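Have a look at the structure below, then the notes.
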Amino acid sequence: MPTTYGVTNWYMQLLSPLSNSEKLSIINGLSASLLESAKPKKQKNATKQMLAQYYGAWAGTESADDIMRVIKENSASREPLNF
């Protein structure tokens, strides 16, 4: 397992060919991520926010039965698959 110094040295070698403006851009991005993570998180509706962020929601007006009917009508095979 590399030491912190070894990892830091590796990153410095990796970033050394970059221009000063590219390095400043990286510094800016890292600083912004640190400031963002330092902000207090709102706990109200945390579950809803997480679900909205990571899961899609159906926006149509069709019922589940209507959707299943369309899927079955458009499937290539009418026979059930045996595994």
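Taking ALA38, ALA64, ALA52 in turn, the Gaussian network model of the chain (Cα-Cα springs below 10 Å) assigns the largest fluctuation to ALA64. Taking only protein heavy atoms and a 1.4 Å probe, the accessible area of the chain is 61% carbon and sulfur. FRET efficiency for the pair LEU81 and TYR55, taken as 1/(1 + (r/R0)^6) with r the Cβ-Cβ distance and R0 = 35 Å, rounds to 0.85.
Remark: the chain carries 101 Å² of accessible area per residue (probe radius 1.4 Å; ligands, DNA and RNA excluded).
Seen against the Cα atoms of the chain and their longest principal axis, helix 64-73 is set at about 80 degrees. Across the chain, the longest piece that holds none of the trypsin sites (Lys or Arg not before Pro) lying in DSSP loops with up to 13 other C-beta atoms within 10 Å covers 1-40.
Using only the alpha-carbon atoms, how far is helix 4-15 inclined from the longest principal axis of the chain? Give it as 0 to 90 degrees, nearest 10. Long axis of 4-15 versus the principal axis of the chain: about 80 degrees. Please determine, in degrees from 0 to 90 and to the nearest 10, the orientation of helix 20-38 with respect to the longest principal axis defined by the Cα atoms of the chain, where the helix direction is its Cα long axis. With rounding to tens, the tilt is 60 degrees. Here are some values of percent of Cα pairs over 17 Å apart: (i) 42; (ii) 56; (iii) 76. Which one was computed from this structure? Computing percent of Cα pairs over 17 Å apart and matching it to (i) 42; (ii) 56; (iii) 76 gives (iii).
Modelled spin-label separation between ALA32 and GLN13, with each label point placed 7 Å from Cα along the Cα-to-Cβ direction: 3.0 nm.
The values are calculated or read from the model by the stated rules, or taken from the named source; none is laboratory data. Bear in mind that the values here come from a model prediction, so they are computed numbers and not experimental data. Every residue, glycine as well, gets a Cβ built from its backbone with ideal geometry; the counts of neighbours run over all protein chains shown. With ligands, DNA and RNA removed, areas are computed over all heavy atoms of the protein, side chains included. Shrake-Rupley method; radii C 1.70, N 1.55, O 1.52, S 1.80 Å.
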